[in-house]
Amino acid sequence: MFIQTETTPNPATLKFLPGETVLDNGTADFPSADAGAVSPLARRIFAVEGVNGVFLGRDFVTVTKADELPWDHLKPSVLGAIMEHFQSGAPAIEGGAPDSSGHADHDGPDAEIVVQIKELLDTRVRPAVAQDGGDITFHGFDRGVVYLHMQGACAGCPSSTLTLKMGIENLLRHYIPEVVEVRPVA
């Protein structure tokens with residue numbers, strides 16, 4: 001098994017491409033070892049000292065490390081953990097991958113606007129941020145403000161504010177006049 005790695009805009013995060021399907025659908029964000037308890041893959045990666053977060057995508061694994069540790073020390077152990085997992089034949093997540101789009105549900109008077117927001121996120125934004133090892137999901141819409149949840153390499157990325165304001169906000173405002181601002185949520 002040959003696992004490729006790619007840098008991301010977030011220097012604390014590295015993207016690992018095992019050359020196999022990680023999740024059949026959706027994504028899974030594990031910002032802590034406790035959150036990753038449902039994932040045999042995440043548990044193996046969190047066993048590497050210095051790993052702070054694991055994010056699973058369709059064909060990639062994004063790992064976030066503690067700032068003070070260099071990737072030169074962590075990368076071989078993370079590669080080994082990923083390789084061990086795929087050789088074991090265990091599922092990435094016990095009980096199967098998430099079935100949902102990752103977006104929060106929204107009903108009420110703005111339901112049509114929210115459908116448009118989610119469509120733009122799914123077709124224009126999420127594929128682009130997945131290339132960088134992350135994901136952005138809809139969290140809410142209130143009085144013209146879109147609230148988005150950033151995951152994987154996007155969470156804590158130095159350029160995430162620029163991505164939100166200059167990229168996503170401009171895109172949504174262009175296509176949906178009711179959108180006036182985009183804000184991140186934790």
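Nothing in this text is a laboratory measurement; each read-out follows from the coordinates by a stated rule. It should be emphasised that the depicted structure is a prediction, and the values quoted were computed from it without experimental measurement. Glycine also receives a Cβ, built like all others from the backbone with ideal geometry; neighbour counts cover every protein chain displayed.
Counting only residues at least eight positions apart within a chain, or on another chain, the lysines with an alpha carbon under 23 Å from that of Lys75 are Lys15, Lys65. Within region 111-185, the ratio Rg/Rh, alpha carbon atoms throughout and Rh by Kirkwood, equals 0.93. Extension gain, Glu20 to Glu49: 0.36 nm times the residue separation minus the Cα-Cα distance gives 7.9 nm.
Run the numbers on the chain and let me know its relative contact order in percent, using alpha-carbon pairs under 8 Å that are six or more apart.
Details: 335 pairs, mean separation 40.7, N = 186.
With pairs under 8 Å counted, the relative contact order is 22 percent.
Give me the extension gain from Ala128 to Val185: residue separation times 0.36 nm, minus the current Cα-Cα distance, reported in nm with one decimal. Can you show the working numbers first?
On the way: separation 57, 0.36 × 57 = 20.52 nm, distance 1.96 nm.
Between Ala128 and Val185, full extension yields 18.6 nm more.
For Lys118, a cut-off of 24 angstrom between C-alpha atoms picks up these lysines, skipping any fewer than 8 places away in its own chain: Lys165. Placing one identical point scatterer on every Cα of the chain and ignoring solvent, what is log10 I(q)/I(0) from the Debye formula at q = 0.16, 0.17 Å⁻¹? Log-scaled intensity ratios, in q order: -0.94, -1.04.
The residue among Val51, Gly140, Val38 whose Cα reaches farthest toward the positive pole of the charge dipole of the chain, with charges on the beta-carbon of Lys, Arg, Asp and Glu, is Val51.
Take the alpha carbon atoms of region 1-16, find their center, do the same for region 41-114, and report the distance between the two centers in whole angstrom. A separation of 12 Å, based on Cα centres. Between Thr5 and Glu112, the FRET efficiency from the beta-carbon distance, with R0 = 25 Å, is close to 0.05.
Would you look at the GNM of the chain, springs on alpha carbons closer than 10 Å, and say which of Pro109, Pro76, Pro40 moves the most? Comparing Pro109, Pro76, Pro40 in the GNM, the peak value goes to Pro109. The long axis of helix 71-88 is offset from the longest Cα principal axis of the chain by roughly 80 degrees.
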